[in-house]
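The values are calculated or read from the model by the stated rules, or taken from the named source; none is laboratory data. Not measured: the values here are computed from a predicted model. Don't worry about glycine lacking a Cβ; one is built from the backbone with ideal geometry, like all the others, and counts go over all protein chains shown.
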Amino acid sequence: MITFPILSLMTFLPLVGVLFILIIRGDAEISARNAKAIALWSSLFTFALSCVLLVNFDETKTGFQFVEMIDWFPAYGIKYHLGVDGISLFFVILSSFLTPICILSSWNVVQRRVKEYMMAFLVLETFMIGTFAALDSILFYVFFEGVLIPMFLIIGIWGGDRRIYSAFKFFLYTFLGSVLMLVAILTLYFQVGTTDIPTLMASPVATYMQYWLWLAFFASFAVKMPMWPVHTWLPDAHVEAPTAGSVILAGVLLKMGGYGFLRFSIPMFPDATLYFAPMVYWLSIIAIIYTSLVALSQQDMKKMIAYSSVAHMGFVTLGIFTLNVQGIEGGIFQMLSHGLISAALFLCVGVVYDRMHTRDINRYGGIVRNMPKYATVFMILLLGSVGLPGTSGFVGEFLALLGAYQVDPYLAILAGTGVVLGATYMLWLYKTVIFGPQVHADASGMSDLDWRETAMFVPIVVLVIALGVYPSLIMEKISPSVKQLVAQIEPYSVKEANLQMFTNIEPASGKFPPMPDVIKNDNDKMGMTKDK
Amino acid sequence: MENIVIATPEIFLALSGMLLLMLGVFKGDSYTKNLCWGTIAVFAFGVVLVFANRGLSGDTFFNMFHLDAFGTYLKVIILLGLIASLAMAIPYLRQEKMEHFEYPVLTLFAGLGMMMMVSSNNLLSLYVALELQALSLYVLATIHRFSMRSAEAGLKYFILGALSSGMLLFGASLIYGFTGTIHFSEIATFLSTPENVSEGVIIGLVFLLVGFAFKISAVPFHMWTPDVYEGSPTSVTALFVIVPKVAAMGLLIRVLFEMFGTIPDQWAQVLVILSVLSMAWGAFAALTQENIKRLMAYSSIGNMGYAMIGLIAGTEQGVSSTLIYMTLYMIMTAGVFSIVLCLRRNGIAIERISDMGGLVHTNPVIAYILVILMFSMTGLPPMAGFFGKLAVFNAAVSAEYYTLAVFGVLTSVVAAYYYLRIIKVVLFDQSIDEIDHTDLFVKKVIMIVCALIVVGLIAKPSLLFNTTDQASSILFEKL
């Protein structure tokens, strides 16, 4: 076992890098180079630590490991509590894995305000790792919300033409969802008397409170995920963000929503989860089919991949809320695999964008002749995104569909059409960009991947194939925690929820429970009728 | 006399105020800078005296003056705010050619009034302290003698302030008439018998609250705020934003919990209305403001709405959360105004937000501090502003005011837009010209200290929370 506080070290190591970058002085060019080097090395070192974390993770245990607990805020009984279990472990690793790649991808592209750019990414890494490692809901909120600051700046400063609109939309959408979660966290604190996540997971609150709290958390995570119909910020943010920003956004930030469902919504509000699960199924199905159709009609590469992300996240929410082992494992696996694949697809777009400065699909064509390495990488990632067996994308989607089938075969069939649609637009994208005649002289003059770009793609491609061929590589570490989670919600009877779905297409209407007394009292206070 | 020791800071301030006034009269306007530093020294020594008295509590001057931990905490905060706002004003006075020796002296007397306010124990001393503070501030608003806007602002402030004082006094007289006493504690004892809570007392209470709502600029009694903040010289606006509201809120807390602590239901509903309206109007009306001073006026209206949430909760934790909120608000606005006072181009002060475009390219330190402060005012963790919001919403939730809490967080999202707009102008826009590089040192010190507190509070939030908890628990011992 490790004796030093490895999670804190991972969380705050990037901040040390920020401090170093802050004290760099001197000539602009040299300080920019130093800033890049510091950022790369501190993020690589963080990744090395995450490898240590992976090796030392004990998959035979179901609880939290590498736990650190310090009295942080005694006035409220809030602790600085970190730890990982099988669910959060790989999100921590994913965050630390993608950050160096992002820094590498911006190496030559970012010319303006390089120091600030590197600092923003390192701060972002701190918040990302902190979000997945936090075991106290206030601490979680601090990291979860903190992410908005660097991301807002990354989109706003280094983004495209409509960056300001997109940055504001991203910020306000996510902020609106999260503040409701803050009220819910405080309500939980008031109801249960603690903000400690493991304790909260073990002590479910009264059923009538669960519905409201579940909705408040849902507001936050559904926006972050993003689920239809609150996904509209995502295409804008993706299109305008710089390449590395899109990579982190698709690779890690979207996963915070799914992670939140697994960490908060399901274990803390089992009754409400069962009650609302059918609604989530339908939202997921709509997301899968509708956004796939929208993706079909896109001319902008980034927008197409952004919409495909929404569709893929539909599989995640579908899988998670099936509440059976296959479904949840599929959801987690799909998140991790999407974290790799969509991140790499955005990198692919970035590669050609850096050369041509356009994302218009029709401006490319036939580039397989001058960029064979690129075409190969793109092919593997694209097939992964489509869910071809042998890639990680297949495992996640298959498990999620398997889980959905157990709930209701129709769900699996409807979601399955999304897979077909996904293949349609992705293959069309590939056909137009990579194959076909070379009509544009500038496109056919592009150079192939250089060593730096190869260095960012190789680890991702290797992982996508390795996880596709041998999913147990990570599954055996994820499984115990998932099984425990399922065992925890088993008593709340999955069957009942299934029945509800057959009989009631729109569960959110009509059968909503009557207004609880506490809320009623509150309304009285707002009015004039409160008696002493 | 009785236990006069507990009033030493106030006595010291009063005596030095007279001394500095004499000095000013004899030496004239050219001596203003020295007087300013002298006043700052007086305030600093005042902090020392308040701190020396920190363990003491009791009444003096025939129970007109009351000292306890609550008052001590607020006095320290008020004095520190006064030091910051006066220190950042010194170069401004010279730049705007308004080095009148009355400026520091009036600030000092306003400060004395505020300290008396949070120590008042009696309707009479309450009124006298409030007026001492208010009259000094009316004059300060017009201190720019040849500016029409300044004169207009001062006049507006005076007329509306006088109106509110009138209402306050009317309420006080009603309360005296129906309870037969002017001492807070005696009124509280009288009102603890339910039969004694007559309509007259309730009407008096409402009038009193209206008076206070004017002072803290809660909607619908906020109309003066944007005009006065915009018209007054910026250094005076800084003073208005940073300090008097802390004192007024402190006095409001004292009145509500020491005088009317036994009938919380009677005033809580009034505060709910004030708070909801202030949060909503502060958020929506600020969206289209172009002038940074006007924007901060609306932001201050909104923030008073949040601060009141703690009082509505009516618990010890609630009062503590209001103190936290006010303290953090004061620190953030002190930082913001030290930046606003820095913004001059070719000798002319910048007040339009769009004129701050691309500040980051010319003055990165100032720009990033402004960004940090704006994120903090948005209530985004890990900045300190988040802990203020956390405290008040926690108080609201623990008193089961869920609707109020949800309303509060939703308006804070609306308010986020205009704070983000400032960030956008400063960070994302094209740069205009460089700002003047003169006399920035003191202001930079203030803004850096504020930024460090804002960023650093997360490391040990209990430092602030424990202090305010102690201060507020005093009020509940008597209940």
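Which pairs have Cβ atoms under 6 Å, sit 6 or more apart or on different chains, and link a residue in segment B:151-163 that is under 17 Å from B:Tyr127 (Cα atoms) to one that is of a type in the set (A, V, I, L, M, F, W, C)? Short answer, once both residue conditions are applied: B:Leu160/B:Trp224; B:Gly161/B:Ala134.
If the requirement is being surrounded by fewer than 24 Cβ atoms within 10 Å (Cβ to Cβ), touching a Leu at 6+ places or on another chain (Cβ under 9 Å) and modelled with pLDDT of 90 or more, which of these qualifies: A:Ile332, A:Ile285, A:Ile341, A:Ile320?
Numbers: A:Ile332 fails: surrounded by fewer than 24 Cβ atoms within 10 Å (Cβ to Cβ); A:Ile341 fails: surrounded by fewer than 24 Cβ atoms within 10 Å (Cβ to Cβ); A:Ile320 fails: surrounded by fewer than 24 Cβ atoms within 10 Å (Cβ to Cβ).
Result: A:Ile285 is the single residue among A:Ile332, A:Ile285, A:Ile341, A:Ile320 that is surrounded by fewer than 24 Cβ atoms within 10 Å (Cβ to Cβ), touching a Leu at 6+ places or on another chain (Cβ under 9 Å) and modelled with pLDDT of 90 or more.
Just so you know, in segment A:58-72 the residues that are touching a helix residue (DSSP H, G or I) at 6+ places or on another chain (Cβ under 6 Å) and not acidic (Asp, Glu) include one that is farthest from the other protein chains (Cβ to nearest Cβ), and it is A:Thr62. Residue pairs whose Cβ atoms lie under 8 Å apart, separated by 6 or more positions or on different chains, with the first residue in segment A:242-262 and within 17 Å of A:Tyr173 (Cβ to Cβ) and the second of a type in the set (Lys, Arg), are A:Ser246/A:Lys302; A:Leu253/A:Lys224; A:Leu254/A:Lys224; A:Met256/A:Lys224; A:Gly257/A:Lys224; A:Gly260/A:Lys224.
Given the options B:Gln269, B:Gln289, name the one that is of a type in the set (S, T, N, Q) and within 14 Å of chain A (Cβ to nearest Cβ). Give the derivation first.
On the way: B:Gln289 fails: within 14 Å of chain A (Cβ to nearest Cβ).
Matching residue, one of B:Gln269, B:Gln289: B:Gln269.
Which members of segment B:63-89 meet the condition of being of a type outside the set (Ser, Thr, Tyr), out of contact with any Lys or Arg (no Cβ under 6 Å at 6 or more places or on another chain) and farther than 30 Å from B:Phe476 by Cβ? Those that are of a type outside the set (Ser, Thr, Tyr), out of contact with any Lys or Arg (no Cβ under 6 Å at 6 or more places or on another chain) and farther than 30 Å from B:Phe476 by Cβ: B:Ile83, B:Ala84, B:Leu86, B:Ala87, B:Ala89.
Considering only residues of segment A:152-169 that are aromatic (Phe, Trp, Tyr) and touching a residue at least 24 places away in the same chain (Cβ under 8 Å), which is surrounded by the most Cβ atoms within 10 Å (Cβ to Cβ)? Working first, answer last.
Step one: list which residues in segment A:152-169 are aromatic (Phe, Trp, Tyr), which gives A:152, A:158, A:165, A:168.
From the residues that got through so far, the ones that are touching a residue at least 24 places away in the same chain (Cβ under 8 Å) too are A:158, A:165.
Details: A:Trp158: 24, A:Tyr165: 14.
Within segment A:152-169, the match that is surrounded by the most Cβ atoms within 10 Å (Cβ to Cβ) is A:Trp158.
So, in segment B:435-454, of the ones that are of a type in the set (Val, Ile, Thr) and either surrounded by fewer than 17 Cβ atoms within 10 Å (Cβ to Cβ) or more than 14 Å from chain A (Cβ to nearest Cβ) (or both), which residue ends up nearest to B:Met356 (Cα to Cα)? Break it down stepwise before answering.
The initial filter retains those residues of segment B:435-454 that are of a type in the set (Val, Ile, Thr), namely B:435, B:438, B:442, B:445-446, B:448-449, B:453-454.
Filter once more, so that each one left must be either surrounded by fewer than 17 Cβ atoms within 10 Å (Cβ to Cβ) or more than 14 Å from chain A (Cβ to nearest Cβ) (or both): B:435, B:438, B:442, B:445-446, B:448-449, B:453.
Details: B:Ile435: 9, B:Thr438: 17, B:Val442: 21, B:Val445: 21, B:Ile446: 20, B:Ile448: 19, B:Val449: 22, B:Ile453: 24 Å.
Checked segment B:435-454; the qualifying residue nearest to B:Met356 (Cα to Cα) is B:Ile435.
Of the residues A:Ser178, A:Ser166, the single one that is in a helix (DSSP H, G or I), more than 8 Å from every other protein chain (Cβ to nearest Cβ), over 24 Å from B:Gly388 (Cβ atoms) and small (Gly, Ala, Ser) is A:Ser166. Count of segment A:157-176 residues, restricted to those that are among the small types (Gly, Ala, Ser) and modelled with pLDDT under 90, is 2.
Results for (1) over 21 Å from B:Leu80 (Cα atoms); (2) of a type in the set (Ser, Thr, Tyr), shown as yes or no for each residue.
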site: B:Pro9; (1), (2): no, no
site: B:Ala14; (1), (2): no, no
site: B:Leu19; (1), (2): yes, no
site: B:Gly24; (1), (2): yes, no
site: B:Tyr31; (1), (2): yes, yes
site: B:Asn34; (1), (2): no, no
site: B:Leu49; (1), (2): no, no
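Here are B:Val360, B:Val397: which of them is within 13 Å of chain A (Cβ to nearest Cβ) and at pLDDT 90 or above? Spell out the reasoning first.
Values: B:Val360 fails: at pLDDT 90 or above.
Residue meeting the stated conditions: B:Val397.
Take A:Tyr141 and decide whether it is among the hydroxyl-bearing types (Ser, Thr, Tyr), within 11 Å of chain B (Cβ to nearest Cβ), within 23 Å of A:Gly350 (Cα to Cα) and in a helix (DSSP H, G or I). No. Within segment B:363-385, the set of residues being free of Cβ contacts under 8 Å to residues at least 60 places away in the same chain and facing chain A (nearest Cβ under 7 Å) comprises B:Phe375, B:Leu380. When B:Leu135 is tested against the conditions (1) in a helix (DSSP H, G or I); (2) surrounded by fewer than 22 Cβ atoms within 10 Å (Cβ to Cβ); (3) touching a residue at least 24 places away in the same chain (Cβ under 8 Å); (4) not small (Gly, Ala, Ser), the lone failure is (3).
Checking each residue in segment A:121-134 for being in contact (Cβ under 8 Å) with a residue 24 or more places away in the chain and either surrounded by fewer than 23 Cβ atoms within 10 Å (Cβ to Cβ) or aromatic (Phe, Trp, Tyr) (or both) picks out A:Phe121, A:Val123, A:Phe132.
Within segment B:213-234, identify whether any single residue is in contact with a Ser or Thr (Cβ under 6 Å, 6 or more places away or on another chain), closer than 30 Å to B:Gly180 by Cα and either without any contact (Cβ under 8 Å) to a residue 60 or more places away in the chain or of a type in the set (Val, Ile, Thr) (or both), and answer yes or no. Yes, segment B:213-234 contains at least one residue that is in contact with a Ser or Thr (Cβ under 6 Å, 6 or more places away or on another chain), closer than 30 Å to B:Gly180 by Cα and either without any contact (Cβ under 8 Å) to a residue 60 or more places away in the chain or of a type in the set (Val, Ile, Thr) (or both).
Apart from one condition, A:Trp212 fits all of (1) within 19 Å of the chain's Cα centre (by Cα); (2) farther than 26 Å from A:Phe64 by Cβ; the exception is (1). Sub-8 Å Cβ pairs linking a first residue in segment A:170-199 that is free of Cβ contacts under 8 Å to residues at least 60 places away in the same chain and more than 27 Å from A:Leu153 (Cα to Cα) to a second residue that is outside any helix (DSSP H, G or I) and among the aliphatic types (A, V, I, L, M), at least 6 apart or interchain, are A:Gln191/A:Val205; A:Gln191/A:Ala206; A:Val192/A:Val205, ordered by first then second residue.
The residues on offer are B:Ala286, B:Ala213, B:Ala280, and the sole one that is at pLDDT 90 or above and surrounded by fewer than 24 Cβ atoms within 10 Å (Cβ to Cβ) is B:Ala280. Counting only helices (runs of 4 or more DSSP H) that fall entirely inside segment B:298-388 and contain at least 1 residues that are under 19 Å from the mean Cα position of the chain (by Cα), the qualifying elements are B:316-340, B:364-378. Checking each residue in segment B:389-417 for being over 20 Å from B:Ile324 (Cβ atoms) and part of a loop (DSSP other than H, G, I, E, B) picks out only B:Glu400.
Evaluate segment B:63-73: report whether one residue or more is in contact with a strand residue (DSSP E or B) (Cβ under 7 Å, 6 or more places away or on another chain) and of a type in the set (Phe, Trp, Tyr). Even if it seems obvious, please write down each step before you answer.
Within segment B:63-73, the first condition is being in contact with a strand residue (DSSP E or B) (Cβ under 7 Å, 6 or more places away or on another chain), and the residues that meet it are B:63-67.
Still in the running and of a type in the set (Phe, Trp, Tyr): B:65.
Yes, some residue in segment B:63-73 is in contact with a strand residue (DSSP E or B) (Cβ under 7 Å, 6 or more places away or on another chain) and of a type in the set (Phe, Trp, Tyr).
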